[in-house]
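Working notes, beginning with the structure itself.
Read-outs throughout are calculated quantities, based only on the coordinates presented, and are distinct from any laboratory measurement. This structure is a prediction, so every number in the text was calculated from the model and none was measured. We place every Cβ from the backbone using ideal geometry, glycine too, and count neighbours over all the protein chains shown.
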Amino acid sequence: MEVMTKKLSVLIADDHETVREGLRLILDAQPDMEVVGIASDGADAVAQAGTRNPDVVVMDISMPGVNGWAATMQLADRCPTAKVVTLTRHVDTSHFRQLLEAGAAGYVLKQSSPSELVRAIRTVAAGEKYVDPAIARRAKDTGMRPVPTHPRGNTVVLSPREIEVMRFIAWGYTNKEIASQLNLSVKTVEAHKANGMRKMGMRGRIDVVRYALLQGWLHEA
């Protein structure tokens, strides 16, 4: 008797309908994959992931509202079993590092062949990391940016949520706006902000922006 193997459930998040439908056709054509949801922005992706429990979320980075980076951070907290494969056209290593920090398990360039995305989904579903060969070569050639360090040179470990809040601060968001974006209370945002700045020895937003520039956080994904 033939043994039925459970297919990998995949959620697609992209703000372009043509891209969403194209990805759905590609993935549904795979014998071991099944698209269980399609989202048009990050907030919708997080909401659907909470109810559909996908094995993998294919996440576009540049989306209106809650972008792919912020959605990836939220999924790491709310749906930790869902592996995120990010899709982006950017090949610079700053975006690569940002997404790894956010909790992404895979990084695939939109300009790569569909086979790269299929391979990435299978790889991350198996519990491993996947990096598009093009960006992997670039990271090796240029060298990855070191882990966050205190301005005086001491290594600092910021939590994923602290990094997330600090990025929004650097982008000019108010505490209330950050709370709305991340579905947190203003007090919780203030606590993460205070902890991050204390660890980094920062006194104000100017210090945060300077650090963000060094880390490449001000580049839009």
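Each of Arg203, Arg119 was scored by other Cβ atoms within 10 Å of its Cβ. Arranged with the fewest first, they read Arg203, Arg119.
Amide H contacts for Ala39 (H built 1.01 Å from N in the peptide plane; partners 5 or more residues away or on another chain; cut-off under 5 Å): Ile12, Ala13, Asp14.
Which entries of Lys6/Lys129; Lys7/Lys110; Lys110/Lys199 show an alpha-carbon separation above 30 angstrom in the structure shown? Violating the 30 Å limit, Cα to Cα: Lys110/Lys199. In terms of other Cβ atoms within 10 Å, Glu34, Glu116, Glu164 run from fewest to most in the order Glu34, Glu116, Glu164. With Cα atoms as the point set, the range 1-78 shows a radius of gyration and Dmax of 13.0, 49 Å.
Taking only the C-alpha atoms of the range 8-142, Rg followed by Dmax gives 13.2, 41 Å. In this calculation the C-beta distance from Asn183 to Leu100 is compared with R0 = 22 Å, giving a FRET efficiency of 0.45.
For the range 160-215, the alpha-carbon radius of gyration amounts to 1.00 times the rule-of-thumb value 2.2 N^0.38 Å expected for a compact globular protein. Spatial offset of the range 64-79 relative to the range 1-59 amounts to 16 Å, using the alpha carbon center of each. With labels modelled as points extended 7 Å from the Cα through the Cβ direction, what inter-label distance (nm, one decimal) is found for Asn53 paired with Gln111? The two pseudo-label positions are separated by 4.0 nm. Subtracting the Cα-Cα distance of Lys129 and Lys7 from their residue separation scaled by 0.36 nm leaves 42.0 nm. With R₀ set to 25 Å, the beta-carbon distance separating Ile206 from Arg89 gives a calculated FRET efficiency near 0.20.
Look at the alpha carbon pairs under 8 Å that are at least 6 residues apart: their mean separation over the length of the range 3-93 gives a relative contact order of 29 percent.
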